[in-house]
Amino acid sequence: MSSQSATTEVVDLVSRLIRFDTSNTGEPETTKGEEECAKWVAQQLEEVGYTTQYVESGRPGRGNVFARLAGPPDSDRGALLIHAHLDVVPAEPADWSVHPFSGAVKDGYIWGRGAVDMKDMAGMALALARQFKRDGTVPPREIVFAFLADEEAGGAWGAHWLVEHRPDLFEGITEAVGEVGGFSLTVDRPDGTQKRLYLVETAEKGLGWMRLTADAQAGHGSFLHSDNAVTEVAEAVARIGRHTFPLVMTDSVSQFLAEVSAETGLDFNPEAPDLETSLFKLGNLARIIGATLRDTANPTMLKAGYKANVIPQKAEAVIDCRVLPGRQKAFEKEIDELIGPNVTREWITHLDSYETSFDGHLVDAMNDAILAHDEHGKTVPYMLSAGTDAKAFAKLGIRCFGFAPLQLPPDLDFAALFHGVDERVPVDAVLFGTKVFEHFLLHS
Ligand SMILES: [Zn+2]
């Protein structure tokens, strides 16, 4: 055994990853740092003996790194993909109490943009990949480590491009583990004790950005006009914005609520009239869970007109739609009723929802790994209201989970740290996560 183990270097690796400013603005001109960071990751892997593949996903500078660690030579099991994106959302230094790209380690936290989304997991995966290679570890199945670009802008120039143009990189992979899951939610039991539930992501809502358009006759603003594109779009937008979609419990959500109910005694029966109020007793994570009970459609952009006394020929709006697994058709039918006959719609971006079952060997391995390091812990499935690169890998038939284990202080507002100011991750949580992830990979 070498003296250098994953836990001795993981904090330093996370901190160094944060120091690469990999801000993804969504605009190719201003997105930066992915190439530099990916090449540094490749160097850390090659240093211990890996052969790496550096691949640019469709545009110069969109750097991705792949490395494979062989399983037993006679194994017929599919490979396991461990993926982490290296890009982050931008940060405004003036708003922060430390520089967002300092990677400062202080007060028991690693600070900086990406600390929880998701250079923490990238660092854990990197530290374990290095440890396994140094120690000559043969995992129970082949592991593919992937560090990726462009997740924060939807992955068109990252995971989705790679899946479409370089499927060879994913050869032999049957399952994948990435963000957003594995973090603990501490709940109060009726007897006054507490239980830590570790949320494993088994489902993601779909993401769709929809453009509404109304065409009408242009004309003078002083005349009578029954046909006005601005009025049509404004009415459609208002109806959508005020609409509540029906409550639908998918398997992931009802299993999650049943588990929480069993621990807390709170009533999450779908028939309960105060279901959504009860949810808020779970604390800050209610913001995530609450968004997985219904489809949402939030108007985000409006565009029309060029002069105060000209009725324009055209008016447009954009709606951010998040649709539950199995609801796409029904969702579109409701939208069509809301927008009426005079407004048309089209998808600017559309990524399907995803859901897998919470069972099987890999799920057992996650729960065992948690239990080995937290005897009061338990894994439960949940649905993410947003999307991750899992949406891209699912297109290849790969079964995807979110599991980046972190044991969090009960009062930490974890959800607020994602893309938030003063994003930071507890050092202890990262050390705990590294040990759990090691156990998980060695039994995967
Ligand atoms: Zn992320």
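The residue list 261, 366, 160 was ranked by how far each Cα lies along the charge dipole of the chain toward its positive end, using unit charges on Cβ atoms, and 160 comes out on top. Of interest is the spacing of the C-alpha centroids, which for region 229-291 and region 391-415 amounts to 20 Å.
Considering only alpha-carbon pairs that sit under 8 angstrom and 6 or more positions apart, the relative contact order computed for region 206-351 is 48 percent.
Each listed q (0.12, 0.15, 0.22 Å⁻¹) maps to a log10 I(q)/I(0) for region 82-216 from the Debye sum over equal C-alpha point scatterers, namely -0.72, -1.02, -1.42. Taking every Cα-Cα distance in region 363-418 and sorting them into 5 Å bins from zero, the calculated P(r) comes out as 4, 14, 21, 22, 20, 14, 5, 1 percent. Between the listed residues 108, 218, 430, the Cα displaced farthest toward the positive end of the dipole of the chain, a dipole computed from Cβ unit charges relative to the Cα centre, is found at 218. Accessible surface area normalised per residue over region 1-140 is 40 Å², counting heavy atoms of protein chains with a 1.4 Å rolling probe.
Scanning the chain for GluC sites (Glu not before Pro) lying in DSSP loops with no more than 14 further Cβ atoms inside 10 Å, the longest uninterrupted stretch between such sites is 30-170. Comparing 127, 42, 214 in a Gaussian network model of the chain (Cα springs below 10 Å), the most mobile by mean-square fluctuation is 214.
Would you list the P(r) distribution for the chain, with all Cα-Cα distances sorted into 10 Å bins from 0 and each bin expressed as a whole %? Cα pair-distance distribution for the chain, in percent: 4, 20, 29, 25, 14, 6, 2, 0, 0.
So for region 192-239, Kirkwood radius off the Cα pairs, Stokes-Einstein at 37 °C and 0.692 mPa s: how many µm² s⁻¹?
Values: Rh = 15.8 Å.
Result for D is 208 µm²/s.
In this label model, residue 352 and residue 46 are separated by 3.8 nm, measuring between points 7 Å along each Cα→Cβ vector. Which whole number in µm²/s is D for region 206-351 by Stokes-Einstein, with the Kirkwood Rh taken over Cα pairs at 20 °C and 1.002 mPa s? It diffuses with D of about 123 µm²/s by this estimate. Annotation: aspartates and glutamates with alpha-carbon distance below 12 angstrom to residue 303 (same-chain offsets under eight excluded): 316.
Which whole-number percentage describes the relative contact order of the chain, with Cα contacts under 8 Å and a sequence gap of 6 or more? Let's see the in-between values first.
Details: 960 pairs, mean separation 102.8, N = 444.
Averaging sequence separation for qualifying contacts and normalising by length gives 23 percent for the chain.
Looking only at 183, 280, 147, which one moves most when the chain is put into a Gaussian network model with springs between Cα atoms under 10 Å? Looking only at 183, 280, 147, the largest GNM fluctuation is found for 280.
So how tilted is helix 34-47 from the main axis of the chain? Cα-based, degrees 0 to 90, rounded to 10. It is inclined by approximately 20 degrees. To the nearest 500 deg cm²/dmol, what mean residue ellipticity at 222 nm is calculated for the chain from DSSP H runs of n ≥ 4 alone, each contributing -39,500 (n - 2.57), summed and divided by the residues? After summing the helix terms and dividing by residue count, I get -9500 deg cm²/dmol.
For the chain, with only Lys/Arg (+1) and Asp/Glu (-1) charged at the beta-carbon, what is the dipole magnitude about the Cα centre, in debye rounded to 20? Intermediate results must be reported in sequence, preceding the final value.
Working: 40 positive and 66 negative charges, 94 e Å.
It comes to approximately 460 debye.
Roughly to the nearest percent, how much of the accessible area of region 206-351 is carbon and sulfur, given a 1.4 Å probe?
53 percent
Looking at the chain, the DSSP beta bridges with both ends there are about 70 percent antiparallel.
Taking a straight line from the alpha carbon of residue 106, these lysines sit under 20 Å away, with near neighbours fewer than eight places off in the same chain left out: 119. With respect to the chain, whose longest principal axis is taken over its alpha-carbon atoms, helix 328-339 is tilted by about 30°.
The values are calculated or read from the model by the stated rules, or taken from the named source; none is laboratory data. No experiment lies behind these values; they were computed from the predicted model shown. No Cβ is skipped: glycine too gets one built from the backbone with ideal geometry, and neighbour counts run over all protein chains shown. Side chains included, ligands, DNA and RNA excluded: accessible areas come from the protein's heavy atoms. Shrake-Rupley method; radii C 1.70, N 1.55, O 1.52, S 1.80 Å.
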